[in-house]
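In what follows, a structure is listed as structure tokens, so that the remarks can point back to it.
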Amino acid sequence: YRNSELKSGKAQSTVNWNVRTVRVAFKQALRRGLVLVNPADGIDSLPNRYQKRSTFTQEQLKLLYAAADKEWKGMILLGAIHGLRLGDAAAIKWGDIDWERRSFVIRPRKTQNLDSSHLEEMPMHADLVSYLDGIRKNEKTDDALFPVLSKIELGGASGLSEQFRQLMHRVGIYCE
């Protein structure tokens, strides 16, 4: 299980978390007498390899934006200007935009299942408004801003994170 999770492109910390979850489930089953052993107890945790990350420079942002396709340009704007995570940016729909207030509303995915989760309204930067005006047509409120990217999983070998990493590499940006 652990190795298949790694092969699917998940980070080592995510794989460790998933293994711990399975271990806890088997521990409960063992306590209740449903199983005789906990097979997950023998699975070693993987060493965490954290990437050192820093903010992009203005020059790096220009390179990324110039190399990006239309949808990735919008994702880069949402990340660079508004600090959105890839999954949150990809999930925005046209109905989340309030054109009169020049803002959009999101419920961050990282906290969406927590009791403290709430909708966040963010004022749109002029560059984002200009970009959206350029791609705006006759979209319905349920239509995604980024129809192609919104259908792609976040993780995995061909997920949004990997696609963005490849875009970074194309313009010469590498994480340590």
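General remarks:
- Helix 12-31 and the longest principal axis of the C-alpha atoms of the chain enclose an angle of approximately 40°.
- Exposed trypsin sites (Lys or Arg not before Pro) absent - longest run of the chain, DSSP non-H/G/I/E/B, at most 10 other C-beta within 10 Å: 54-136
- Mean Cα-pair separation over length for the chain, i.e. relative contact order, pairs under 8 Å, 6 or more apart, %: 23
- Globularity ratio of the stretch 1-82, using Cα Rg and 2.2 N^0.38 Å: 1.74
- Average accessible surface area per residue within the stretch 88-171, 1.4 Å rolling probe, Å²: 64
- Calculated [θ] (222 nm, deg cm²/dmol) that DSSP helices of n ≥ 4 give over the chain, each run adding -39,500 (n - 2.57): -13000 deg cm²/dmol
- Taken about its Cα centre, the stretch 1-140 carries a charge dipole of roughly 660 debye when the Cβ of each Lys and Arg holds +1 and the Cβ of each Asp and Glu holds -1.
- Cα-based helix-to-principal-axis angle, 160-170 vs the chain, degrees rounded to 10: 60
- Lysine pair count for the chain with Cα-Cα distance under 14 Å and sequence separation of 8 or more or different chains is 4.
- Heavy-atom accessible surface of the chain: percent carbon and sulfur, 1.4 Å: 51
- Along the axis of the charge dipole computed for the stretch 33-176 (Cβ charges of +1 for Lys and Arg, -1 for Asp and Glu, origin at the Cα centre), the listed residues 175, 45, 83 are led at the positive end by 175.
- Scanning the chain for chymotrypsin sites (Phe, Trp or Tyr not before Pro) in DSSP loops with at most 14 neighbouring Cβ atoms within 10 Å leaves 100-173 as the longest stretch between them.
- Cα gyration tensor, the stretch 124-176 - rounded (a/c under 1.5), prolate or oblate: oblate
The values are calculated or read from the model by the stated rules, or taken from the named source; none is laboratory data. The structure presented is a predicted model; accordingly, all values stated were derived computationally and were not measured. FYI the Cβ positions are ideal-geometry reconstructions off the backbone, even for glycines, and counts take in every protein chain you see. Remember, those area values only see protein heavy atoms, side chains included, never the ligands or the DNA or RNA. Shrake-Rupley method; radii C 1.70, N 1.55, O 1.52, S 1.80 Å.
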